[in-house]
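Everything on this sheet refers to the single structure shown next.
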Amino acid sequence: MGALMWGAYGLQTIGLAQTTAGKSAFLTGTYCILVPFASYVLSGERLTRYNLGAALLCLAGIGLVALDSVEFNAGDAITLGGAVFFAIQMAVTAKYGRKMDITSSRFGCLWAMAF
């Protein structure tokens, strides 16, 4: 999970050097739409019509924001790659995090006792 997060932030940072901050923020935010698809591939969780509808709306939004001119530059593509890494990281966390109990670790016990 850490390697996926490292890849996501790394690609986002590299992409930001080649595109605008607004485009980068919007394109990175597309991970929200990609998470159900990543969960489907990793865990076999069913996709709903809402997932598909949201993906189409997101694709239209990407087109309106990222394609403000005719060019879709390398920074945009790299930033989208980072969004894919964020989505995969969240899907992996959802799949394997369900089996973990945070109170079983030392830090988890201290955290649980604090509250």
Give a residue-ordered list of calculated ³J(HN,Hα) values for the stretch 17-31 (Karplus: 6.51 cos²θ - 1.76 cosθ + 1.60, θ = phi - 60°; whole Hz; x for Gly, Pro).
5, 10, 9, 7, 5, x, 4, 4, 4, 5, 5, 5, x, 5, 4
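Please give the contour-minus-distance gain from Leu57 to Thr13: 0.36 nm per residue of separation, less the Cα-Cα distance, rounded to one decimal in nm.
13.3 nm
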About the Cα centre of the stretch 1-104, what is the dipole size in debye to 20, counting +1 per Lys and Arg Cβ and -1 per Asp and Glu Cβ, all else neutral?
400 debye
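For the stretch 29-93, what does the relative contact order come out to in percent, with C-alpha contacts under 8 Å and a separation of six or more?
Taking the mean separation of contacting Cα pairs over the length of the stretch 29-93, I get 58 percent.
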Heavy-atom accessible area per residue, the stretch 1-80, 1.4 Å probe: how many Å²?
62 Å²
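The values are calculated or read from the model by the stated rules, or taken from the named source; none is laboratory data. Remember, predicted model here, so these are calculated numbers, not experimental data. With ideal geometry, Cβ positions are generated from the backbone for all residues, glycine too; neighbour counts draw on all protein chains shown. Ligands, DNA and RNA are stripped out before the accessible areas are found, and what is left, the full protein with its side chains, is counted by its heavy atoms. Shrake-Rupley method; radii C 1.70, N 1.55, O 1.52, S 1.80 Å.
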